[in-house]
Amino acid sequence: MATELKSYLAGKWRGGSGKKIALVNPSNEQPVAETSTEGLDLAAAIEFSRRVGGANLRSTTFAQRGEILAKLARSVGDAREELIAIGMANAGNTRSDAKFDIDGASATLMYYAELASSLGDSRFLLDGEGTGLGRSARLYGQHVFVPRQGVAVHINAFNFPAWGLAEKFAVSFLAGVPTLSKPASATAWMAQRIVERWVESGLLPEGALSLLCGPVRDLLDHLTGQDVVAFTGSGETAARLRSHPVIGSANVRLNVEADSLNAAVLGPDVALGAEALNLFLADVVREVTQKAGQKCTAIRRIYAPLEQLDEIRERLVERLSEVRVGDPASEKTTMGPLATSDQLESVRSGMNRLAAGAELATGGSKPLTAIGAPAGKGFFVPPTLFVKREPAATDALNQHEVFGPVATLMPYGDVGRLVELIAAGGGGLVSALYSDDRKFVSEVVTGIAPFHGRVVLGGEKLAGQSVSPGTVLPQLLHGGPGRAGGGEELGGLRGLQLYLNRVAVQGDRALIQQLFPARRSSP
Ligand code: NAP
């Protein structure tokens, strides 16, 4: 029988009424869990978070919140095997995909726990130095960050149910703002199980974390100007949120993490036998196939010098052809299915869009026989590489994110044109450059930096110790301009700003310095 996923609202587990939504195993399409949010009182849930959770959190210091975060991180680690099994059954994750999600969750919680201990017993942050305002030294002003008195509504995408929950929650919790987290319905089981463990542990202050498993319904109608919405998902849903009447009229703070056409560039200086080439090939193959390409940071556009295009194509095809697609329950499988039937349809139609004017080097949209899956069942696609010999800014590959194991290889000659084509993606989360030619690196980085949240530099000396560009690190910003949503998350203390109100306090220097002593760090 399918597990019923209840929501944790106003301090209690609550099941919705009416017809339930089925969560399925994407390898065989069998239901694994079900949920409903029909009939739940979301206005009361939001009010409880604000009133009870907000007061409880604001009575704790950064260091106390950090101690709790460390214990929550360990709780995720302790349940690793159980959570891996959920990721395999509900999200089509291979064991290694599931570990990436779960370990990313506990590492991010632990990073913020450690950051909290460096902030000590304070409850606010200073924003830089104070400043004199007049002839006398007495007249003074200081910018200060204090927690907003609302609720942080976190709306997450289906692809990282553990990490998505944790990376957002760690930051709002540390900032002192209660959270209501809403995982994507299709893969909510993992987030639900983590929150269930946290609630059972008794570690969370009452009201500090609520969970909504299933459709969002009227949730956003109850928000006010002290609340924050941190959204991760498609550009289309983001556009709906931006035009939501309450978000607009109440000036609810909204952070959007959306689509991205991330690029990887092989520099002209990288020889065919070089370590930097191996790094480039390994990163591209990992980013195309990990989580079946369902990563917002996955590499979608690959650029190689014109004279090396055919060699790079051959090497990528060779490596991608070694990938074994199937049910992650089989040990032979190295890449699982897409998470839902909607994703399968969307990826197949996206492939057809990319195919216009491009050569198919490997893969494609035709149904395949997947290891360990019942015939005709499961949402499988093979790793797919297109080659576009004469790319243009208006090509579908610069306009449309295919959220699966799909990328396009292109040649470049002129550096200015390369920069133009990367920028044609309209703003992205991360792009990577593999080169030790400083002039080339400088020109490309200067050209693409305004269009990205993160730029990764890989070269000969970093081979063997670099982190793949698709790995989001809590120390560095996650987000990007334009198509990527214009949001910013993580980045150490910077991430807290979303949940804090910056206020300028003006008056007597001695009083202000007593109220807000200068030993606090600023984001
Ligand atoms: P999605 O369809 O936009 O859904 C994202 C979330 O929004 C889900 O929790 C969904 O809930 C919720 N939602 C749907 N309609 C809503 C509405 N009208 N109001 C409020 N919430 C609503 O995206 P997805 O298919 O889960 O994720 C894939 C996309 O996310 C890709 O485009 C990918 O690039 C992007 N993504 C971006 C990042 C990043 O950090 N930039 C990370 C991961 C994924 P239900 O599931 O209940 O419908």
Lys and Arg at +1, Asp and Glu at -1: neighbours of Leu115 with Cβ under 12 Å from its Cβ sum to +1
PRE zone check, label point 7 Å out along Cα-to-Cβ of Arg417, amide N under 17 Å, scope the stretch 288-311, hits 302-310
Counting only DSSP beta bridges fully inside the stretch 262-474, the antiparallel percentage to nearest 5 is 10 percent
Among the Cα-Cα pairs of the stretch 262-474, the proportion with separation greater than 28 Å, in percent, is 24 percent
Violations at 32 Å Cα threshold for listed pairs Lys388/Lys439; Lys20/Lys295; Lys366/Lys439; Lys12/Lys332 -> Lys366/Lys439; Lys12/Lys332
quick shape note, the stretch 21-150: Cα extents on principal axes in Å, largest first -> 75, 37, 22
Here the percent of antiparallel bridges among DSSP beta bridges lying wholly in the stretch 1-153, to the nearest 5, is 80 percent
Sorted on mean Cβ neighbours within 10 Å (highest first), peptides 301-311, 413-423 come out as 301-311, 413-423
For Val229, other-chain or 5+-apart residues with amide H closer than 5 Å (H placed, Pro excluded) are Val153, Arg253, Leu254, Asn255
One would report the Cα pair-distance distribution of the chain, bin width 10 Å, in %, as 4, 18, 27, 25, 16, 7, 2, 0, 0
Here, Thr61 and Leu368, labelled 7 Å along Cα→Cβ, have an inter-label distance in nm of 5.5 nm
Against the 2.2 N^0.38 Å rule of thumb, the C-alpha Rg of the stretch 375-471 sits at a ratio of 1.23
Rounded to the nearest 5, the percent of DSSP beta bridges in the chain running antiparallel is 40 percent
Per the helix-only model, the chain has a calculated mean residue ellipticity at 222 nm (DSSP H runs of ≥4, -39500 (n - 2.57) each, divided over all residues, rounded to the nearest 500) of -10500 deg cm²/dmol
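No value in this document is a laboratory result; all are computed from the given coordinates. Quick caveat, the model's predicted, so the values are computed rather than measured. With ideal geometry, Cβ positions are generated from the backbone for all residues, glycine too; neighbour counts draw on all protein chains shown.
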